[in-house]
Amino acid sequence: MTVKNPRFIISAVRPEQYPETDMLEIAFAGRSNAGKSSLINALTGRKRLAYSGSTQGMTRQINFYNIDDELMFVDLPGYGFAAVSKDQKSLWGKVIEQYLNVRPQLYMIILLLDIRRDPSEDDKVMYRWIRESGLCHAVVLTKCDKLSRMKVNERIKSIAASLGPEQGGNIFPVSALNRTGIEELWTFIDGAMAE
Ligand code: GDP
């Protein structure tokens, strides 16, 4: 899909703040710094549709983006930011959990993992939830420009193994920097939305 008119709609915390639409939604989940904003920008061909300042790790809002009136991208708060208190962490967990549990138009979840890191406990919990939800999903390994092709293949295998034996493909190495894998990811999204 070539995106023509992506628009930021709203930052929401509570369900009553979510936009009222019946478009299907694709949620992006991952720890802070995994590359969510960069991926959303790469998928929409915009430099600053989604942006993260140095305080990005502190945001616990859910950002909604209207993609050409066809679907919504939903940027979930990044989890696992070290410099926050336990209370704040559980609040974030709640914000994410609430969205995942109450949003009927949620159609697909994309889990982002930095290709250079082993999945954290939070990543694994998130992945397990996604699997069990039965929703359409993909795992995107970000920042693959930082590794050689051989190393990328090694990391795909090792991350798949650490996510568990039930991990059934749909792993996309991408780079927001040089756009590796972005078309492939769109092809997957388009195919899944057409079903
Ligand atoms: P977020 O917190 O998940 O939204 O992550 P960001 O998109 O803000 O990215 C976190 C950091 O990783 C930033 O410094 C980005 O420039 C960098 N980054 C994100 N994607 C890529 C990528 O594909 N390649 C490289 N080399 N750096 C990336």
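Report for the chain the percent antiparallel among DSSP-assigned beta bridges with both residues inside it, nearest 5.
Details: 11 of 32 bridges.
Antiparallel bridges: around 35 percent, rounded to the nearest 5.
Take the stretch 6-194, compute every pairwise Cα distance, and split them into 10 Å bins from 0; I just need the percent in each bin.
9, 39, 40, 12, 0
Using a Förster distance of 30 Å, how high is the FRET efficiency between E132 and W186, based on the Cβ-Cβ distance and rounded to 0.05? Please list the in-between numbers first.
Working: r = 26 Å, r/R0 = 0.88.
Working from the Cβ atoms, E equals 0.70.
Only sites in a loop by DSSP and with at most 16 other Cβ atoms within 10 Å count here; which trypsin sites (Lys or Arg not before Pro) in the stretch 142-195 make the cut? Please report the intermediate quantities before stating the final value.
Values: sites: K143, K146, R149, K151, R155, K157, R179; in loops: K143, R179.
Hits after loop and neighbour filter: R179.
State, as an integer percentage, the relative contact order of the chain based on alpha-carbon contacts under 8 Å between residues 6 or more apart.
Details: 320 pairs, mean separation 44.2, N = 195.
Worked out over the chain, it gives 23 percent.
Among L177, L39, L106, determine the one that fluctuates most according to a GNM of the chain built with springs between C-alpha atoms less than 10 Å apart.
Most flexible of the set in this elastic network: L177.
Add -39500 (n - 2.57) for each DSSP H run of 4 or more in the chain, then divide by its residues: what number comes out at 222 nm, to the nearest 500 deg cm²/dmol? Could the numbers behind the result be given before it?
On the way: 5 runs with 67 residues, N = 195.
Helix contribution divided over all residues of the chain: -11000 deg cm²/dmol.
Where a number appears in this text, it was derived from the coordinates with a stated rule and is not lab data. Since the model is a prediction, treat every value here as computed from it, not as a measurement. Cβ: placed from backbone, ideal geometry, glycine included. Neighbour counts: every protein chain shown.
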